[in-house]
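Participant: Let me begin by handing over the structure; questions about it come next.
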Amino acid sequence: DQLDSTTIRLPLLTIMFHKADQGGAPVYAYVFTYGNSYHGAEIPYVFDNVVDGTEEEQALADQISQAWINFARNDVPSADGIPEWEPYTRESGATMLLDTESQLHYHHV
């Protein structure tokens, strides 16, 4: 969605640059791209609470919520079916595109 790209994604890139440059805890970037995604559309998936969802939607919710759980437990987001999630750096721009077939992209805008 163009509005999300302009009003949300670009300012977040500035914040991610800054946090990554500080050299503290790793920064993990993502964009939720499933269906007709928009800012906040991933929230039911993060909390594994897709009400009346399809089998595909429930499988995605299981996967994304597991990635958040593993991030809380181990400091690295991960789940079966999601590629290795590299930390975001200014140089790599590693960003996970979360979808039924999640993919790690570099310098995604």
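Participant: Once you've got the GNM for the chain with C-alpha springs shorter than 10 Å, pick whichever of Tyr38, Tyr28, Tyr88 has the biggest mean-square fluctuation.
Facilitator: Of Tyr38, Tyr28, Tyr88, the Gaussian network model singles out Tyr38 as fluctuating most.
Participant: If you don't mind, another one. Can you give the angle from 0 to 90° between the axis of helix 10-22 and the longest principal axis of the chain, with both taken from C-alpha atoms, to the nearest 10?
Facilitator: On a 0 to 90 degree scale, this one is about 60.
Participant: Net charge around Ser65, counting only other residues with Cβ within less than 14 Å of its Cβ (Lys, Arg = +1; Asp, Glu = -1)?
Facilitator: With Lys, Arg at +1 and Asp, Glu at -1, the net is -4.
Participant: I would also like to ask the following. If the elastic network links every pair of Cα atoms under 10 Å, which of Asn70, Asn49, Asn36 fluctuates the most in the Gaussian network model of the chain?
Facilitator: Answer for the Gaussian network model of the chain: Asn36.
Participant: Over the chain, with a Gaussian network built from C-alpha contacts below 10 Å, which listed residue (Ile64, Ile15, Ile43) shows the highest mean-square fluctuation?
Facilitator: Among Ile64, Ile15, Ile43, the largest mean-square fluctuation in the Gaussian network model of the chain belongs to Ile15.
Participant: Using +1 at the Cβ of each Lys and Arg and -1 at the Cβ of each Asp and Glu in the chain, identify which of Trp68, Val51, Ile15 lies farthest towards the dipole's positive end.
Facilitator: In the chain, that residue is Ile15.
Participant: Roughly what angle does helix 55-74 make with the longest principal axis of the chain, taking Cα atoms, 0 to 90 degrees, to the nearest 10?
Facilitator: Roughly 40 degrees, rounded to the nearest 10.
Participant: Then there's this: State the extension gain, in nm to one decimal, for the chain segment bounded by Val46 and Ala72, taking 0.36 nm per residue of separation less the distance between their alpha-carbons.
Facilitator: Once the chain is fully extended between Val46 and Ala72, it gains 8.1 nm.
Just so you know, all these numbers are worked out from the coordinates, no wet-lab data involved. A quick note: this is a predicted structure, and the numbers were derived from the prediction, not measured. Ideal geometry is used to build each Cβ from the backbone, glycine not excepted, and the neighbour counts take in all protein chains shown.
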